[in-house]
Structures are given as C-alpha cells and as structure tokens.
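Right, one structure below, let's go through it.
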Amino acid sequence: MINPKGELNQVNEPIMKRLREALGLSQEGFSRLIGCSYKKISRSENGSDIFLTVAEAKNLNRLLRENFGV
C-alpha cells in the first residue's frame, strides 16, 4: 500500500489472500482487478514479499473502498 510519504509498502500473504477470498475470487480474477500477474498474487500467498506498483496499489485501494468501506 502507499504510505503517507507516497512510498509503496510491502503487501504480505494474509492480507492479499484474505481479501481475495472475501471477494470470492480466484488468484487470476483478483490479479485482473488489481492489474498485476496472477504469479505476483501466488507469490504473495506463498510467503514471498511483493511490491505493488502505484497503479496496482491504487486498484487495490479502490477494491477495499468499494467492497469494505475502508
């Protein structure tokens, strides 16, 4: 996610997987909504640290707002 300084933060497995499952999406479907590869989602869910681009972070933020009011 983007911190107040505009820097990208790491996103870890529990957050990505829980969000994806709460939306009822496959890794591929979730990755399409965020705008990244399904491999990036898979890596994050398998414990690898990933970094989102600004566009991906904005899309993830939009999903959180629209679906969970965050």
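General observations
- Applying the condition of being loosely packed, with under 13 Cβ neighbours inside 10 Å and not hydrophobic (A, V, I, L, M, F, W, C) to the range 61-70 and asking which residue is farthest from the chain's Cα centre (by Cα) yields G69.
- Within the range 43-60, tally of residues that are open to solvent by 50 Å² or more (accessible area, probe 1.4 Å), in contact (Cβ under 8 Å) with a residue 40 or more places away in the chain and outside any helix (DSSP H, G or I): 2
- Among (1) touching a strand residue (DSSP E or B) at 6+ places or on another chain (Cβ under 8 Å); (2) free of Cβ contacts under 8 Å to residues at least 24 places away in the same chain; (3) surrounded by fewer than 18 Cβ atoms within 10 Å (Cβ to Cβ) - the single one K40 does not satisfy: (3)
- Members of the range 38-67 found to be among the small types (G, A, S) and within 16 Å of K17 (Cβ to Cβ), listed by number: S42, S44, G47, S48
- Residue within the range 6-28 that is part of a loop (DSSP other than H, G, I, E, B), of a type in the set (D, E) and at pLDDT below 95 present: yes
The values are calculated or read from the model by the stated rules, or taken from the named source; none is laboratory data. Since this is a predicted model, take the numbers as computed values, not measurements. All Cβ positions, even for glycine, are placed from backbone atoms using ideal geometry, and neighbour counts span all protein chains on display. Just so you know, the surface numbers come from the protein's heavy atoms only, side chains and all, with ligands and any DNA or RNA stripped out. Shrake-Rupley method; radii C 1.70, N 1.55, O 1.52, S 1.80 Å.
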